[in-house]
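The values are calculated or read from the model by the stated rules, or taken from the named source; none is laboratory data. Source: prediction; values computed, not measured. Cβ atoms come from the backbone with ideal geometry, glycine included; neighbour counts cover every protein chain shown.
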Amino acid sequence: MKKFSLKPGWRYPHGTTFSPQGTNFCIFSKNASGVELLLYDSPEAKKPFQVVILDPEENRTFFFWHIYINRLPAGTCYTWRVNGPDDVVDSGFRFNPDKELVDPRAKIVTDTLWDRRKACKPGLSRGESLRAMISGQDDYDWEGDTIIHLPPEKTIIYELHVGGFTRHKSSGVSHPGTYSAVIEKIPYLRELGITAVELLPVMAFDEQDVPDNTWNLGHKNYWGYSTHSFFSPHPGYCVTPLAGTHIKEFRDMIKALHKAGIAVILDVVFNHTAEGGATGPTINFKGLVNDSFYHLEEHDRSVYRDYSGCGNTVNCNHPLAAKFIVECLEYWVREMHVDAFRFDLASILARGMDGSPDPYAPVIWNIEFSDILSRSGLIAEAWDAGGLYQVGGFPGLRWAEWNGCYRDVIRRYIKGDKGLIGEVATRLCGSSDLYETSGRLPINSINFVTCHDGFTLWDLVSYNEKHNQANGEDNRDGCRHNLSWNCGAEGETSSFKVNRLRLRQVKNFMAVLFLSHGVPMILSGDEVLRSQQGNNNCYCQDNELSWFDWTLVEKNQGMFRFVREMIAFRKRHLCLTPRRFVTGIKEKGRRMPDITWHGRKLRKPPWDDSADNLLAFTLGGIGRRAADLHVILNMSGETARVRLPGVRGRKWHKAIDTAGHSPSDIILPDNQRPVRKKFCPAKPHSVIVFEGR
């Protein structure tokens, strides 16, 4: 292949900038002493067709190294080699001219030759590196697509794994496990009624980042919490990744979801990278800016501080890292039309440069105040593996939080724990104890019972203990604090009594979730009783244990119907989606629902009764003709005789009873009948809801 002519290039913009006349390359490395650019004619080429040695006098401006290559065609692949001081203990430098680096700002990355275990060994890279690819001119037709600005109180989140959603043989899609396959399943998502999908990591990640014992069993990193290229869609979800179609395929998915009225939330991982600790591979940041990009121990800068539990921690509030993170998020909004972000282990973003919590962490406030991100949803997983727990206190005002307190209390209550009535009431009403004093709202609370990390909902009612032996770590991995109840038998059982109770408990969880103020989130597959056979840490299980089995939609159609109608029920009743906290005081015009609490007797909630676990409440409808709601939660093991309150000029109609069989477990308005009795029998472990109209 011919050699291309060169120009010095420019220090801005960073990364690569393509035009038919030529491509500008620019990377940042303050302490590098020598830089080479390697050009390949394809993702699979073993040797570069041209190696460009950058001149520090001509191709360096301040801390930026740059080169312009004339007429370089789109589709060309490239890597970097960087040399510099060898002073890891005192300065934290890890320059290694033997290793080829992938551009941290690459928009397209291929991993067809990547070999993590070879890359971890010393010596020259011999074809095992990741590669960036130059994309051509951006002529994508968005067809008028714009970002969806969905009000948080109207949002219903569906946590979804792009690959696992369609990889099962029963999916019936053209290209299983891809962005395009998600498009084929949009009718299912619309029928269910969700308004937003939260995608597990789709930024390019290292599928080989698992412990050796796990790797030797044939497993790989399935969830994707091992990002190496934050600007590139993951190639493993593309139909034709070697052709560099990453951006188009991802945009096609976004555009199709938007046409269906479904917003897209990306689960992003800025707390650590795929490079791991001192024994991990050098992929990009280690070989460019290791001393700045990661938290290092002061006494020995060869040691990585590990607040993530994954070997390294991004120094998010170093000016370089903070700028990188904000510009990355802005790229996904501006160029890819992403609507919102969920930040994995977000409390790491709240750690200052010394690792201690900082209420004015620059990166968090820069994200909050960014003009481009001003209408993007922001969701924090407000804790980290270093012990920092910030639920209710995450810096920033418009950040929503995964409410781990909600999850834990609702799990305990529905499995039958007593003495929780007061806290259950608080969680049902948006967790005012966590958010109100700081001026935040119920919509700051992302309410969930299950997520990708932990038991599925069916497993939550089927297992008392985790069963993770298949992961190859002797069942040491995964959380032991599951707050689960197997309903009388561990795992699969033929007991009709146990399975009936389990189904009721699953419905209880779903009913309470959609009756709660805040933003509900469900885990993909919970609506059809998907099981992981007791494995609560399927991070490495890219197989049928984790995949969505589409035969369950028909097999468990009653459960699917219940969840679908619970979502529709929530959408019908504005009193379930207030923007502000209820006060118990009736407001003229009913812009806010009033609430009255009850127990086994009217207006006598058992706030101080540690032995009771029955709670009821009446929620006023918003608007003149809106229905009032009366809810009875009986998580005791006995049937309770509960009095219904009077409703002037109206009658109660039973709408939901989780003890009923489908379709009587949730009754559509046209089929509801007035309740003529003053007392209602609430069966054990059940949720009953009445509509007053």
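In the set ALA400, ALA340, only one residue is assigned by TED's automatic domain parsing to the domain that holds ASN271, farther than 30 Å from MET635 by Cβ and among the aliphatic types (A, V, I, L, M); that residue is ALA340. Here SER662 meets the list (1) under 24 Å from ASN556 (Cα atoms); (2) touching a strand residue (DSSP E or B) at 6+ places or on another chain (Cβ under 6 Å) almost entirely, failing just condition (2). Considering the stretch 121-142, and only residues there that are farther than 25 Å from CYS26 by Cβ and modelled with pLDDT of 95 or more, the residue that is surrounded by the fewest Cβ atoms within 10 Å (Cβ to Cβ) turns out to be ASP141. Of the strands (runs of 3 or more DSSP E) lying entirely inside the stretch 506-622, those carrying at least 1 residues that are over 20 Å from the mean Cα position of the chain (by Cα) are 595-598, 614-619. Pairs meeting the criteria (first residue in the stretch 420-442 and among the basic types (Lys, Arg), second residue at pLDDT 95 or above, beta carbons under 6 Å, at least 6 apart or on different chains) are ARG427/TYR406; ARG427/VAL409. Does ASP267 count as touching a Pro at 6+ places or on another chain (Cβ under 6 Å) and either within 28 Å of GLU191 (Cα to Cα) or among the aromatic types (Phe, Trp, Tyr) (or both)? So ASP267 fits the description; yes. Of the residues making up the stretch 314-352, those that are in contact (Cβ under 8 Å) with a residue 60 or more places away in the chain, in a helix (DSSP H, G or I) and small (Gly, Ala, Ser) number 1.
With respect to the conditions (1) in a loop (DSSP other than H, G, I, E, B); (2) within 17 Å of the chain's Cα centre (by Cα), PHE230 falls short on a single one, namely (1). Applying the criterion of being buried (at least 19 other Cβ atoms within 10 Å of the Cβ) and small (Gly, Ala, Ser) to the residues of the stretch 153-170, the residue that is farthest from CYS451 (Cα to Cα) is GLY163.
Against the test of being in a loop (DSSP other than H, G, I, E, B), at positive phi and touching a strand residue (DSSP E or B) at 6+ places or on another chain (Cβ under 7 Å), the options GLY355, GLY387, GLY396, GLY311 yield a single qualifying residue, GLY311. Condition first: closer than 22 Å to SER516 by Cα and either touching a Leu at 6+ places or on another chain (Cβ under 7 Å) or not hydrophobic (A, V, I, L, M, F, W, C) (or both). Now tell me which residues in the stretch 636-653 satisfy that. Correct list: SER636, PRO645, TRP652, HIS653. If the condition is being surrounded by fewer than 19 Cβ atoms within 10 Å (Cβ to Cβ) and not polar (S, T, N, Q), then the stretch 551-566 contributes VAL553, GLU554, LYS555, GLY558, ARG561, ARG564. What number of residues within the stretch 140-179 satisfy the criterion of being touching a helix residue (DSSP H, G or I) at 6+ places or on another chain (Cβ under 6 Å), of a type outside the set (D, E, K, R) and either outside any loop (DSSP other than H, G, I, E, B) or free of Cβ contacts under 8 Å to residues at least 24 places away in the same chain (or both)? So the count comes out to 3. Just wondering, is there one or more residues in the stretch 311-322 that are surrounded by fewer than 17 Cβ atoms within 10 Å (Cβ to Cβ) and either within 13 Å of THR273 (Cα to Cα) or not hydrophobic (A, V, I, L, M, F, W, C) (or both)? Within the stretch 311-322, one or more residues are surrounded by fewer than 17 Cβ atoms within 10 Å (Cβ to Cβ) and either within 13 Å of THR273 (Cα to Cα) or not hydrophobic (A, V, I, L, M, F, W, C) (or both). In the stretch 528-537, the condition of being touching a residue at least 60 places away in the same chain (Cβ under 8 Å), farther than 30 Å from ALA682 by Cβ and not polar (S, T, N, Q) is met by at least one residue. The listed residues are ILE262, ILE247, ILE254, and the only one of them that is modelled with pLDDT of 95 or more, in the same structural domain as ARG351 (by TED's automatic domain parsing) and in contact with a His (Cβ under 7 Å, 6 or more places away or on another chain) turns out to be ILE254. Helices (runs of 4 or more DSSP H) fully within the stretch 400-453 that include at least 2 residues being of a type in the set (Phe, Trp, Tyr): 404-414. Of all residues being of a type in the set (D, E, K, R) and in a loop (DSSP other than H, G, I, E, B) in the stretch 648-676, which is farthest from ASN508 (Cα to Cα)? Just the residue, please. It comes out as ARG648.
Among the conditions (1) at pLDDT 95 or above; (2) charged (D, E, K, R); (3) under 17 Å from ALA278 (Cα atoms); (4) assigned to a loop (DSSP other than H, G, I, E, B), the only one that ASP90 does not satisfy is (4).
Looking across the stretch 645-673, the residues that are surrounded by fewer than 20 Cβ atoms within 10 Å (Cβ to Cβ) and under 19 Å from LYS601 (Cβ atoms) come down to PRO645, GLY646, VAL647. State whether one or more residues within the stretch 458-475 are of a type in the set (Ser, Thr, Tyr) and surrounded by 23 or more Cβ atoms within 10 Å (Cβ to Cβ). Yes: one or more hits.
Per-residue answers, yes or no, for (1) among the small types (Gly, Ala, Ser); (2) in contact (Cβ under 8 Å) with a residue 60 or more places away in the chain; (3) in contact with a Phe, Trp or Tyr (Cβ under 7 Å, 6 or more places away or on another chain):
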residue: ALA616; (1), (2), (3): yes, no, no
residue: GLY620; (1), (2), (3): yes, no, no
residue: GLY623; (1), (2), (3): yes, no, no
residue: SER636; (1), (2), (3): yes, yes, no
residue: THR639; (1), (2), (3): no, no, no
residue: HIS653; (1), (2), (3): no, no, yes
residue: ASP657; (1), (2), (3): no, no, no
residue: SER664; (1), (2), (3): yes, no, no
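When the stretch 194-212 is filtered for residues that are over 20 Å from LEU345 (Cα atoms) and under 17 Å from the mean Cα position of the chain (by Cα), the ones remaining, listed by number, are ILE194, THR195, ALA196.
Conditions (1) out of contact with any helix residue (DSSP H, G or I) (no Cβ under 7 Å at 6 or more places or on another chain); (2) β-branched (Val, Ile, Thr); (3) modelled with pLDDT under 95, marked per residue:
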{"site": "ASN486", "(1), (2), (3)": "yes, no, no"}
{"site": "ALA489", "(1), (2), (3)": "no, no, no"}
{"site": "VAL506", "(1), (2), (3)": "no, yes, no"}
{"site": "SER516", "(1), (2), (3)": "no, no, no"}
{"site": "ASP526", "(1), (2), (3)": "no, no, no"}
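Which of the residues that make up the stretch 257-302 are farther than 21 Å from ALA350 by Cα, of a type in the set (D, E, K, R) and either under 24 Å from the mean Cα position of the chain (by Cα) or outside any loop (DSSP other than H, G, I, E, B) (or both)? Of everything in the stretch 257-302, those that are farther than 21 Å from ALA350 by Cα, of a type in the set (D, E, K, R) and either under 24 Å from the mean Cα position of the chain (by Cα) or outside any loop (DSSP other than H, G, I, E, B) (or both) turn out to be LYS259, GLU275, LYS286.
For the stretch 362-390, the set of residues classified as closer than 19 Å to SER308 by Cβ and crowded, with 22+ Cβ neighbours inside 10 Å consists of VAL363, ILE364, ILE367, ILE379, ALA380, GLU381, ALA382, ASP384, listed by residue number. Within the stretch 409-435, the set of residues being basic (Lys, Arg), surrounded by 18 or more Cβ atoms within 10 Å (Cβ to Cβ) and farther than 11 Å from ASN447 by Cα comprises ARG411, ARG412, LYS415.
The conditions of being hydroxyl-bearing (Ser, Thr, Tyr) and surrounded by fewer than 20 Cβ atoms within 10 Å (Cβ to Cβ) are met by TYR331.
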